[in-house]
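Undergrad: First, the structure itself, so that you have it in front of you.
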Amino acid sequence: MVQLDFIVMAVFAVLIFAIGLAFTRTGSKSSQAFFEAGGETPWWINGLSLFISYFSAGTFVVWGSIAYKHGLVANTIQLTMAISGLIVAVFIAARWKRTGTRTAAEYIGLRFGTRAQQFYTYLILILSLVNTSAVLYPVGKMVYVATPFSLEACIIGIGILIVLYTAAGGLWAVLVTDVVQFIILMAAVLIVIPASFAQIGGVSNLFRQAPADFFEPFANDYTAGFMLAFIGYQTVYIGGNWSYVQRYTSVSSERNAKKVAYLFAFLYALSPVIWMLPPMIYRIINPDLHGLEPEGAYMMLCQRVLPAGLIGLVLSGMISATSSKANTTINLSATVFAQDVYRSVFRPGASEKEQILVARLFTLLFGAGTIGVALLVPLAGGIVEVVLSVAAIAGGALFAPIIWSLYSSRQTAFSVVFTTIVALVVSLSFKVLLPAFAGFKLDRSVETLLGVGLPLAVLGIFEYYYYTQGMKSPRALALQQATTREAPAVQKIHHEAAQQQNRFGITVIIAAAAFVGAGIALLGVLASSNMTVVAVGSVIFLLAGTALYRYVLRA
């Protein structure tokens, strides 16, 4: 990397941070603005945010590592996410909106009581800490590969930036930066792909020079059974992860909640073809990476094929993707802590301003913890092992019982908490205790299937038992009968405030997109008049200009 690359990274970092600051005043007006972004955000913003939040530099490092080693297998894994997103769109997203709650924690409190809410809250905060660390580490690794800085310095620097702008603006800052980061990332990858093919002499050489089994959809641990189990895991994760539930509950209607998930599924149906090509191409260029080295294949390719300035752009896109996933989880954790721990346990009479202040302070503390855990990832066997292990152990155990309860009025606090505890204990035993003391280890497919299948089986047993006893949960019946309607005057005030926030948010997105497009086009000129880069930047700028004229100037 040269000086121009660092300048590019600095400019885009300032842009993202400035967006966060732009929403400081909006996010401070009320808890609804900070935690819900007004409660009527446009579905396409939430859909893009859900997609890019699920996406991160982990995609380039985790699945990129698998793409380098096994080829098409990484694309198959990515396609399971599209299938899961479609299932969520059809069956789950609207159910969350129908509950009338703002967060999953609020729903659990109403449906199962305070004790169950606290139980899940503490577990989710721990899981969020690990998950955020697991996305901070990959982007730190990529910046480390491309710069003279240490891995620790990269993780700490990126972590601090994410934490600061998330604390400033609340959910609106997260949503808007997610959309802008999506634009940066798409531009970066579209620039890398043609340069990569040019390096190996065209598309045909990828097929001619690749290893014999490089285009098989399954391999080793990543069997058809693993893919089916992974679809189950992704479904409960996309449909039940508290961070993503916010995307379904902060829109205006059940129909729009479904649209959020449909857009996610559509984008993930297209993205595998684009995202996984570069590390597959790098396997042709350099087939000799071993150990944890394939984690850096994406960045190694970029350094080889891109001119000065564009490496900084690609890194900015990858940092943006990671920022998106991290800020989503950090914002959710702050929301849960402020509303469901601080207000419920310590200060029942806390004002809205006090809750927002506590959420911002918790964001800083939680971010510091996240950075600390991210520094420990190499000790756990690498990022691929961490991501897949956490998925197998915690995904089904924490999210499946709550999703089940969206459909069942029979499940009780005891049944869901018992299910979670049994699933966690069994999965942890097979993952940690049995390998250590008996030398027995499940393969990846069975491990993932156990993590999803066991909680569903236990819930099924409870459901059958309660059915035979003719039992229904009083809390479930009370929640179904409760009216969540506000007085018309209050509804009108909230609607008008939400519309103002929407207009401001979309205006910021358009202005930032125009800035990004102009910056990319300028980089193309500086990079020996690289016409691909100029074209990508110009298209973004023109689209943003058209949107600015039609949405803002003509309004």
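Undergrad: Kirkwood hydrodynamic radius of the stretch 223-334 from all distinct Cα pairs, in Å? Provide the component values of the computation, followed by the final result.
TA: Details: mean 1/r = 0.0585 Å⁻¹.
Mean inverse Cα-Cα distance, inverted, gives 17.1 Å.
Undergrad: Is the shape of the stretch 119-168 best called rounded, prolate or oblate, per the rule: a/c under 1.5 gives rounded, else a/b larger than b/c gives prolate, else oblate, with a ≥ b ≥ c the square roots of the Cα gyration tensor eigenvalues? List each step's numbers first, then the result.
TA: On the way: a/c = 3.87, a/b = 1.90, b/c = 2.04.
Oblate shape, in that a/c is at least 1.5 and b/c is the bigger or equal ratio.
Undergrad: Do any of K69/K441; K69/K258; K353/K472; K97/K472 go past 27 Å between their Cα atoms, and which? Please report the intermediate quantities before stating the final value.
TA: Working: K69/K441 22 Å; K69/K258 36 Å; K353/K472 39 Å; K97/K472 22 Å.
Beyond 27 Å between Cα atoms: K69/K258; K353/K472.
Undergrad: Tell me, what ³J(HN,Hα) does each residue in the stretch 188-197 have, in order and in whole Hz, if you take phi through Karplus 6.51 cos²θ - 1.76 cosθ + 1.60 with θ = phi - 60° and put x for Gly and Pro?
TA: 4, 5, 5, 7, 5, 4, x, 5, 5, 5
Undergrad: Kindly identify the chain as rounded, prolate or oblate by the Cα gyration tensor criterion: order the square roots of the eigenvalues as a ≥ b ≥ c, call it rounded if a/c is under 1.5, otherwise compare a/b with b/c, prolate if a/b is larger, else oblate.
TA: Working: a/c = 1.81, a/b = 1.21, b/c = 1.50.
It comes out oblate by the Cα gyration axes.
Undergrad: If I compute solvent accessible area with a 1.4 Å probe over the protein chains, what percent of it on the chain is carbon and sulfur? Spell out each step's value before the answer.
TA: Values: 14400 of 21620 Å².
Answer for the chain is 67 percent, counting heavy atoms of protein chains only.
Undergrad: Compute the signed sum of charges (Lys and Arg +1, Asp and Glu -1) over the other residues within less than 11 Å, Cβ to Cβ, of V145. Don't skip to the answer; put the middle values down first.
TA: Details: positive: K141; negative: E293, E295.
Around V145, the charge tally is -1.
Undergrad: Along the stretch 391-401, what does the Karplus equation 6.51 cos²θ - 1.76 cosθ + 1.60 (θ = phi - 60°) give for ³J(HN,Hα), rounded to whole Hz, x for Gly and Pro?
TA: 4, 5, 7, 9, x, x, 4, 8, 9, 4, x
Undergrad: Tally Lys and Arg at +1 and Asp and Glu at -1 over the other residues with C-beta under 15 Å from the C-beta of A74: what net charge comes out?
TA: Numbers: positive: K69, R283, R444; negative: D213, E216, D221, E295.
Its environment carries a net charge of -1.
Undergrad: Using mean Cβ contacts within 10 Å as the protection proxy, how do 152-161, 3-12 order, highest first? Provide the component values of the computation, followed by the final result.
TA: Values: 152-161: 19.2, 3-12: 17.4.
My ranking of the peptides, most packed first, is 152-161, 3-12.
Undergrad: Please list, in order along the stretch 410-420, the HN-Hα scalar couplings obtained from phi with the Karplus expression 6.51 cos²θ - 1.76 cosθ + 1.60 (θ = phi - 60°), rounded to whole Hz, x for Gly and Pro.
TA: 9, 4, 10, 4, 4, 5, 6, 5, 4, 4, 4
Undergrad: Could you rank the peptides 432-442, 350-360 by their average count of other C-beta atoms within 10 Å per residue, with the highest value first?
TA: Numbers: 432-442: 11.4, 350-360: 18.0.
For the peptides 432-442, 350-360, the packing ranking is 350-360, 432-442.
Undergrad: Would you kindly state how much longer the chain becomes between F91 and L434 on full extension, computed as 0.36 nm times their sequence separation minus their alpha carbon distance, in nm to one decimal? Numbers along the way, then the final one.
TA: Numbers: separation 343, 0.36 × 343 = 123.48 nm, distance 3.66 nm.
The F91-L434 span can extend by a further 119.8 nm.
Undergrad: Just subtract the alpha-carbon distance of Q481 and D221 from 0.36 nm times their residue separation and send over the number in nm, one decimal. Let's see the in-between values first.
TA: Working: separation 260, 0.36 × 260 = 93.60 nm, distance 4.76 nm.
Length difference between fully extended and current span is 88.8 nm.
Undergrad: Something else about it: If r is the Cβ-Cβ distance from Q469 to L228 and R0 is 25 Å, what FRET efficiency results, to the nearest 0.05? Write down the numbers at each step before the final one.
TA: Numbers: r = 33 Å, r/R0 = 1.33.
The pair Q469/L228 has a calculated efficiency of 0.15.
Undergrad: How large is the dipole of the chain about the Cα centre if only Lys and Arg carry +1 and Asp and Glu carry -1, each at its Cβ, rounded to the nearest 20 debye? Kindly include the intermediate steps, with their values, before the conclusion.
TA: Details: 33 positive and 22 negative charges, 292 e Å.
Dipole size: approximately 1400 debye.
Undergrad: If you don't mind, there's one more thing I want to ask. If I model a spin label as a point 7 Å beyond the Cα along the Cα-Cβ vector, how far apart are those points for K353 and R115 in nm?
TA: Inter-label distance under the simple model: 3.8 nm.
Undergrad: For the stretch 88-188, go through all pairs of different Cα atoms, get the mean of 1/r, take its inverse, and jot down that Kirkwood value in Å.
TA: On the way: mean 1/r = 0.0601 Å⁻¹.
About 16.6 Å, per the Kirkwood formula over Cα pairs.
Undergrad: What's the FRET efficiency of L190 with A153 using the Cβ-Cβ distance as r and R₀ = 41 Å, to the nearest 0.05? Walk me through the numbers on the way to the answer.
TA: On the way: r = 30 Å, r/R0 = 0.73.
With R0 = 41 Å, the Cβ-Cβ based efficiency is 0.85.
The values are calculated or read from the model by the stated rules, or taken from the named source; none is laboratory data. None of the values given here were measured: they were computed from a predicted structure. Glycine gets a Cβ as well: all are built from the backbone with ideal geometry, and neighbour counts include every protein chain shown. Surface areas here come from the heavy atoms of the whole protein model, side chains and all, with no ligands, DNA or RNA. Shrake-Rupley method; radii C 1.70, N 1.55, O 1.52, S 1.80 Å.
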